[in-house]
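The values are calculated or read from the model by the stated rules, or taken from the named source; none is laboratory data. No experiment lies behind these values; they were computed from the predicted model shown. All Cβ positions, even for glycine, are placed from backbone atoms using ideal geometry, and neighbour counts span all protein chains on display. Keep in mind that these areas ignore ligands, DNA and RNA; they rest on the heavy atoms of the full protein, side chains included. Shrake-Rupley method; radii C 1.70, N 1.55, O 1.52, S 1.80 Å.
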Amino acid sequence: VIRCRAAVAWAAGKPLSVEEVEVAPPKAGEVRIKIVATGICRTDSHVLEGCFPNVDFPVIPGHEGAGIVESIGEGVTSVKPGDKVIPLCLPQCGECSFCLDPESNYCLKSHASEPQNLLPDKTSRFTCKGKQIHHFLWVSTFAEYTVIPEYAVAKIDVAAPLDKVCLLGCGFSTGYGAAINTAKVKPGSTCAIFGVGGVGLSVVMGCKAAGASRIIAVDINKDKFAKAKELGATDCISPQDFKKPIQEVLIEMTGHGVDYSFEVIGHVDTITAALASCKMSTGVSVVIGIPASGSVISVDPVLLLSGRTWKATVLGGWKMRDCIPKLVSSYLEKKFNSDLLITHTLPITKVNEGFELLHAGKSIRSVLLF
């Protein structure tokens, strides 16, 4: 058993508490990882607010991390102690019908099919003050040590800087992949991104890499526009500057609407606005943001009957165990610069300060270090 620090959420609506926790050794098929760095993602905020589905408290959040294998359980063959790894909040068991489908990046082991509050044997490896602490998406990267099933761990290049590539565990991969894999943005096309936080800016980078000729960033926080333009946005607009619906503004700007729109906020009204802003017949709108649990979208069916395609993406469409190592290699080859998303680096003891920066719109990505 290892004793270490972790940021524990004891109840919904309460700040995180940095505690000493006990982390049990890995059982068969499991890997214990020393987390070096972890990003703060909006999804973790949803957990703390109590609006992420199927989360049990107390829980150790965090799902965008990178670390080093400390020990392995019986039967583990893909990693060994000392390997650099990224924990995967979307596993890839390699055996289910979804994993065997080359078009799918879903896995029946994922949170949407079976809750990942406990490890597959339905027990926890975390205890604190004598109480069982739940896992989050099996990864719980807000703990200095965490135990994860082998099929939710990807071995990466030994040269990778863990305090930078941790973003590839969720935010960057989700946004970049939404453009490259899910929308399949074509050269010369027009794109609109609703919400340019860490994931939205990663969509901007993906659209630019795909050769889009016009990339329109849409956000009410104008402080993000400079970064959006640095990463490839050609236009930046705030809905608050117009008296008409933003989809009408985008249609006027582009003639008939954009070729691709991306909603990276998680509000039902912006999801429908994004759909309405893309072209009839050929437009593609991708939902990335996660609406509050229980939300219902009301949409005029004519928007779809006129030929638009409405899609959503999970982790950018990547088969995580296969693709994360390749993305890390692309990062090392400087094919993209996800470092530009990191605005703050904080010790784990300042985790709540990191969330305050997020909520105030003052950070793109904060990275916590142990």
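Among the candidates Val158, Val203, Val165, single out the residue that is in a loop (DSSP other than H, G, I, E, B) and either assigned by the TED database to the domain that holds Pro347 or over 15 Å from Leu90 (Cβ atoms) (or both). Steps first, please.
Values: Val203 fails: in a loop (DSSP other than H, G, I, E, B); Val165 fails: in a loop (DSSP other than H, G, I, E, B).
The match here is Val158.
Within the set of pairs 6 or more residues apart or between chains, which connect a residue that is without any contact (Cβ under 8 Å) to a residue 24 or more places away in the chain and part of a strand (DSSP E or B) inside the range 303-328 to a residue that is of a type outside the set (A, V, I, L, M) and crowded, with 19+ Cβ neighbours inside 10 Å with Cβ atoms less than 6 Å apart?
none
Identify, from the list Cys51, Cys99, the residue that is closer than 25 Å to Ala112 by Cβ and either in contact with a Lys or Arg (Cβ under 8 Å, 6 or more places away or on another chain) or at pLDDT 95 or above (or both).
On the way: Cys51 fails: either in contact with a Lys or Arg (Cβ under 8 Å, 6 or more places away or on another chain) or at pLDDT 95 or above (or both).
Every option except Cys99 fails the conditions.
Is it true that Ser363 is touching a Ser or Thr at 6+ places or on another chain (Cβ under 7 Å) and within 27 Å of Glu19 (Cα to Cα)? Explain how you work it out, then say what you get.
Working: touching a Ser or Thr at 6+ places or on another chain (Cβ under 7 Å): yes; within 27 Å of Glu19 (Cα to Cα): yes.
The answer is yes for Ser363.
Residues to consider are Val18, Val31, Val76, Val59; find the one that is assigned by the TED database to the domain that holds Cys166, crowded, with 23+ Cβ neighbours inside 10 Å, modelled with pLDDT of 95 or more and more than 20 Å from the chain's Cα centre (by Cα). Steps first, please.
Details: Val18 fails: crowded, with 23+ Cβ neighbours inside 10 Å; Val76 fails: crowded, with 23+ Cβ neighbours inside 10 Å; Val59 fails: more than 20 Å from the chain's Cα centre (by Cα).
On inspection, the qualifying residue turns out to be Val31.
When you look at Ile265, is it touching an Asp or Glu at 6+ places or on another chain (Cβ under 9 Å), surrounded by 16 or more Cβ atoms within 10 Å (Cβ to Cβ) and either under 19 Å from Lys222 (Cα atoms) or not aliphatic (A, V, I, L, M) (or both), yes or no?
Details: touching an Asp or Glu at 6+ places or on another chain (Cβ under 9 Å): yes; surrounded by 16 or more Cβ atoms within 10 Å (Cβ to Cβ): yes; either under 19 Å from Lys222 (Cα atoms) or not aliphatic (A, V, I, L, M) (or both): yes.
Yes.
Could you go through the range 42-56 and let me know if any residue there is open to solvent by 10 Å² or more (accessible area, probe 1.4 Å) and under 20 Å from Tyr145 (Cβ atoms). Spell out the reasoning first.
Kept after step one, since they are open to solvent by 10 Å² or more (accessible area, probe 1.4 Å), are these residues of the range 42-56: 42-43, 46, 48-56.
So of that shortlist, the ones also under 20 Å from Tyr145 (Cβ atoms) come out as none.
Taking every residue of the range 42-56 in turn, none turns out to be open to solvent by 10 Å² or more (accessible area, probe 1.4 Å) and under 20 Å from Tyr145 (Cβ atoms).
Are any residues in the range 210-250 open to solvent by 60 Å² or more (accessible area, probe 1.4 Å) and closer than 15 Å to Val264 by Cα, and if so, which ones?
Residue satisfying the conditions is Ile220 alone.
Would you check which residues across the range 282-300 are modelled with pLDDT of 95 or more and more than 22 Å from the chain's Cα centre (by Cα) and list them? I'd like the intermediate steps shown before the answer.
Within the range 282-300, the subset modelled with pLDDT of 95 or more is 282-288.
Matches in the range 282-300: Thr282, Gly283.
Might you let me know whether the range 118-139 holds any residue that is open to solvent by 20 Å² or more (accessible area, probe 1.4 Å), in contact (Cβ under 8 Å) with a residue 40 or more places away in the chain, in contact with a strand residue (DSSP E or B) (Cβ under 6 Å, 6 or more places away or on another chain) and among the β-branched types (Val, Ile, Thr)?
Yes, there is a match, as at least one residue in the range 118-139 is open to solvent by 20 Å² or more (accessible area, probe 1.4 Å), in contact (Cβ under 8 Å) with a residue 40 or more places away in the chain, in contact with a strand residue (DSSP E or B) (Cβ under 6 Å, 6 or more places away or on another chain) and among the β-branched types (Val, Ile, Thr).
So the check is Cβ under 6 Å with 6+ separation or different chains; which pairs have a first residue in the range 218-238 that's closer than 21 Å to Tyr176 by Cβ and a second one that's of a type in the set (Phe, Trp, Tyr)?
Pairs that qualify, where the first residue is closer than 21 Å to Tyr176 by Cβ and the partner is of a type in the set (Phe, Trp, Tyr), are Val218/Phe194; Cys236/Phe225.
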